[in-house]
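Working notes for the structure below.
The values are calculated or read from the model by the stated rules, or taken from the named source; none is laboratory data. Since this is a predicted model, take the numbers as computed values, not measurements. All Cβ positions, glycine included, derive from the backbone under ideal geometry; neighbour counts span all protein chains shown. The accessibility values were calculated without ligands, DNA or RNA, using every heavy atom of the protein model including side chains. Shrake-Rupley method; radii C 1.70, N 1.55, O 1.52, S 1.80 Å.
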2 protein chains.
Amino acid sequence: MKKKRTTIKDIANVLNISAAAVSKALHNDSRISERTKENVRQVAKNLHYQPNHLASALRSGKSNLVGVIVPRTNSNFFSSVIQNIEEVLNEKGYSIIITQSNESYDKECKSIDTLLYTQVDGIIASMANETVALSSYEKIKSKGIPLILFDRGENDLNVDYIGIDDYNSSHLIVEHLVKNGCQRIAHIGGYKRTRIYNNRIRGYVDALKKHKLPLDAELLTEGNLTIEDGRIKMTQLLSLKTRPDSVYVAGDYAALGALQVLKEHKIRIPEEISLVGFGNEPFTDMVTPKITSVDQHSAEIGKQAANTFLKYVENDSTEQRLNKIILAAELIVRDSSNKKTPL
Amino acid sequence: MKKKRTTIKDIANVLNISAAAVSKALHNDSRISERTKENVRQVAKNLHYQPNHLASALRSGKSNLVGVIVPRTNSNFFSSVIQNIEEVLNEKGYSIIITQSNESYDKECKSIDTLLYTQVDGIIASMANETVALSSYEKIKSKGIPLILFDRGENDLNVDYIGIDDYNSSHLIVEHLVKNGCQRIAHIGGYKRTRIYNNRIRGYVDALKKHKLPLDAELLTEGNLTIEDGRIKMTQLLSLKTRPDSVYVAGDYAALGALQVLKEHKIRIPEEISLVGFGNEPFTDMVTPKITSVDQHSAEIGKQAANTFLKYVENDSTEQRLNKIILAAELIVRDSSNKKTPL
DNA sequence: TATATTTGTTTAAACGTTTAAGCAAATATA
DNA sequence: TATATTTGCTTAAACGTTTAAACAAATATA
């Protein structure tokens, strides 16, 4: 059974002052005397007073809650982004509500509804793989609630976006592989409809051109980049008449699947086939051989996303518009592609 | 700039009925005519009405929000538990607020305050490694808010707990190692003050006794079970005059650290030293050799935790008391300890 | 036909805050 | 000393709901 909560009125009664005075004292209003403030703080402590967020949020129109939507928390990238968002926002008195879309468009819509219903002051999101329709996100904008996208974004929404330079990352990777003597570079990519994967594909294609390498359609695939997807695509690549001498996978999980298949086929890595992943998930450094990957600066992305949100609430007049922050990614070279490493 | 929200009153005005009628219509009250209900639904849709959670929660005293506190989301175990909690609770109209303690007692206290402030209807938590004082958790209880613990619990709080049988898991592991011919079994354990790790240690000690194996103090260590901790403890074990022939690590991350050290020392696994982890994190199946581990049934734990919470809100009279649900764990045997596997 | 019950609605208070406006007392300014 | 300003509070309304109580009209019961 619920115990009776202590309210601002209880404090007021004890001190024989008005509830308004108590409220102001607790907010350190300059028009309240030090003496009264001290008294209020004392009584509040004695009665174990805890402010009621619902009431204050309702009245003031500010919930101090920020919604975060990610495809899943179960990946180092996303959980690191979240942790950094939380750190920055907590500092400013905000709490975050995390929801997972599980890469499902349906779940994403539901999450958005829940967050709006909860009256969050803003939403920071990375879109599900499945998402193509934007009406749900438009709804957020139409309510005048700041929307910040990261990693998986969408130009057409005309909101802030923080991500890494996917196009250029592909260039880095191809360059690295070429330097290691690779000539026939395959790409296991994500779905083109997702902007970041599209950019990686474009970067891959352009980089091949730049290095005067032939572009072979059978070396370029699209998928959802799960471990299973990586296994399937790698198996396909191995069955080609002319196998690639290197594979650039647009996600670490798929890269892991590819690695498993290569090992099962007893193909030497990187001697016969070099492998590069994307995301710098911790396991890339744990498996044998360690997988070369691209670090996405998750901490920085989280901080920038949080700060972008804060920018809006601090001077609340600004209208939102397309504003991209693109961070340079970093190639972490490991055993799976570094032929010069002495064994 | 914030747009004006549609409220229940706006709908009432359009239809020339009272706000109360609208509220009841939306809640499908039996005393409202079908005709009015239909009208209300229609107008609500046209005006893009979205109920204000703050107002209804304030008035009804129910926020439909449940707080979840975990040491970190960045582990398969926790994120899987969370996902299952969310699934069960969403079904019943609850949303969850996830907070991470980062294994810090301080952060945990802050999280609890934030959750209470947000007026959550319940809290499902797994305690931080650091946590020894319980006053913060007592505060939850004293407010009459259901508190459910999982994995990392504490008897003294006298609340519901869902976890696996740690004591018996240790028996399973020791038994398995003995069957594989191991005689000198080391244990890299967690801190004894944390109940689950204490149980694993007790199980380890008792299992050694049961199998008439000598208990050697230098083979039993305590730590925080990070990768780094695993590295340190394994290095220590290797420097002993008589090395162990097998190591049971109470956490997968530490087991991974131990594995790294073993590989760096070119020690053959499992021939020279067998290795067993705990938690069945996905990477145990990714590394070489694959690490034997204990599955903790994260999905089941999440579901049970959520259902336990629901039990309280559905018949809200019940007082909370110590009530443990202990699930049997499952040993997943892999290469790191299975000497009978033909190479 | 008179009375009781059901149906469909309204009224008004309440949830716990915040805040604009008001006001008396104390202090500063002329 | 008279007036203006500042200080420290109070009053009352508001935020958007829910809900107990009231009530008129319609319908059922005797």
Check: To the nearest 10 degrees, how steeply does helix B:76-91 sit against the main Cα axis of chain B, on a 0 to 90 scale?
Finding: 20 degrees
Item checked: Mean Cα-pair separation over length for segment A:166-296, i.e. relative contact order, pairs under 8 Å, 6 or more apart, % -> 24 percent
Checklist line | Solution diffusion estimate, µm²/s, Stokes-Einstein, segment B:139-216, Kirkwood Rh from C-alpha pairs, 37 °C, viscosity 0.692 mPa s | finding: 233 µm²/s
Check: Is the protein assembly as shown best put as rounded, prolate or oblate by its Cα gyration tensor, with a ≥ b ≥ c the root eigenvalues, rounded for a/c under 1.5, and otherwise prolate when a/b is larger than b/c, oblate when not?
Finding: oblate
Margin query: Relative contact order for chain A: what percent, with Cα pairs under 8 Å and sequence separation of 6 or more?
Written below: 17 percent
Item checked: Other-chain or far-sequence residues with amide H under 5 Å of A:GLN119's (modelled H) -> B:HIS53
Next item on the list: Rounded to the nearest 10 degrees, what's the angle between the helix A:227-238 long axis and the longest principal axis of chain A, both from Cα atoms, 0 to 90?
Entry: 20 degrees
Notebook entry, point to check: Three principal axis extents, largest first, for the C-alpha atoms of chain B, in Å?
Noted result: 88, 41, 37
Next item on the list: Relative to the longest principal axis of the C-alpha atoms of chain B, give the angle of the C-alpha long axis of helix B:298-314, reported between 0 and 90° and rounded to the nearest 10°.
Entry: 40 degrees
Item checked: Given charges at beta-carbon only (K, R positive; D, E negative), |dipole| of segment A:1-85 in Debye -> 260 debye
Check: If you take the accessible area of A alone, add that of B alone, and subtract the area of the pair, what total do you get in Å², probe 1.4 Å, to the nearest 100?
Finding: 4700 Å²
Next item on the list: Heads up, I need the accessible area for B:LEU331: 1.4 angstrom probe, whole protein in place, Å², nearest 10.
Entry: 40 Å²
Next item on the list: With θ set to phi - 60°, apply the Karplus curve 6.51 cos²θ - 1.76 cosθ + 1.60 along segment A:96-103 and write out the HN-Hα couplings as whole Hz, x wherever there is a Gly or Pro.
Entry: 10, 10, 9, 10, 10, 8, 6, 6
Check: Cα centroid distance between segment A:265-281 and segment B:249-279, in Å?
Finding: 24 Å
Note to self: Measuring nothing but label to label, 7 Å from Cα along Cα→Cβ, what are A:ASP285's distances to the other copies in nm, shortest first?
What the structure shows: 2.4
Notebook entry, point to check: Working from the pairwise distances between different alpha carbons, so that the mean of 1/r is found and then inverted, what is segment A:166-296's Kirkwood radius in Å?
Noted result: 14.1 Å
Next item on the list: Calculate what fraction, in whole %, of the accessible area of segment A:52-165 sits on carbon and sulfur atoms when a 1.4 Å probe is rolled over the protein chains.
Entry: 45 percent
Next item on the list: Please average, across the residues of B:282-289, the number of beta carbons from any other chain that are within 10 Å of each residue's own beta carbon, and give a whole number.
Entry: 4
Check: Add -39500 (n - 2.57) for each DSSP H run of 4 or more in the protein assembly as shown, then divide by its residues: what number comes out at 222 nm, to the nearest 500 deg cm²/dmol?
Finding: -13500 deg cm²/dmol
Next item on the list: State the three equivalent ellipsoid semi-axes of segment A:1-71, derived from the C-alpha gyration tensor as the square roots of 5 times its eigenvalues, in descending order and whole Å.
Entry: 27, 16, 10
Notebook entry, point to check: Taking each residue of B:85-97 in turn, how many C-beta atoms of other protein chains fall within 10 Å of its C-beta, and what is the average?
Noted result: 3
Notebook entry, point to check: If each of B:ASP106 and B:ALA20 carries a label point 7 Å out from its Cα toward its Cβ, how far apart are those two points in nm?
Noted result: 5.2 nm
Notebook entry, point to check: What is the magnitude of the charge dipole of segment A:166-296 about its Cα centre, with +1 placed on the Cβ of each Lys and Arg, -1 on the Cβ of each Asp and Glu, and no other charges, expressed in debye to the nearest 20?
Noted result: 380 debye
Notebook entry, point to check: P(r) for segment B:43-187: what percent of alpha-carbon pairs falls in each 10 Å bin, starting at zero?
Noted result: 10, 33, 28, 16, 9, 3, 1, 0
Next item on the list: Check each of the trypsin sites (Lys or Arg not before Pro) in segment B:29-71 and keep only those in coil by DSSP with at most 13 other C-beta atoms within 10 angstrom; list them in order.
Entry: B:ARG31
Margin query: Can you give me the accessible area per residue for segment B:8-51, using a 1.4 Å probe, in Å²?
Written below: 70 Å²
Next item on the list: Show the residues, 5+ positions off or on another chain, whose built amide H is closer than 5 Å to the amide H of B:ILE96.
Entry: B:VAL66
Next item on the list: Apply the Karplus parameterisation 6.51 cos²θ - 1.76 cosθ + 1.60, with θ equal to phi minus 60°, to every residue of segment B:239-247 and state each ³J(HN,Hα) to the nearest whole Hz, in sequence, with x for glycine and proline.
Entry: 8, 5, 4, 10, 6, x, 9, 6, 10
Margin query: Tell me the per residue accessible area of segment A:299-341 using a 1.4 Å probe; a whole number in Å² is fine.
Written below: 56 Å²
Margin query: Quick check: the distance between the Cα centres of segment A:293-338 and segment B:28-42, to the nearest angstrom?
Written below: 48 Å
Notebook entry, point to check: Under the definition of partner shielding as Cβ atoms of other protein chains within 10 Å of a residue Cβ, what is the mean value for peptide A:46-58?
Noted result: 5
Next item on the list: State in Å² the accessible area per residue of segment B:166-296; use a 1.4 Å probe, count heavy atoms of protein chains only, and round to the nearest integer.
Entry: 39 Å²
Next item on the list: Taking a label point 7 Å out from Cα toward Cβ, give me the nm distances from B:ALA299 to the same spot in the other copies, shortest first, one decimal.
Entry: 3.5
Check: Rounded to a whole number, what % of the accessible area of segment B:166-296 do carbon and sulfur atoms account for, probe 1.4 Å?
Finding: 51 percent
Item checked: 5 angstrom amide H check on B:LEU220, placed H, neighbours 5+ away -> B:HIS187
Next item on the list: Quick one: check the C-alpha center-to-center distance for segment A:135-149 versus segment A:185-219, whole angstrom.
Entry: 32 Å
Checklist line | From phi via Karplus (6.51, -1.76, 1.60), per-residue ³J(HN,Hα) for segment B:264-272 in Hz, x at Gly/Pro | finding: 4, 8, 6, 8, 6, 10, x, 3, 8
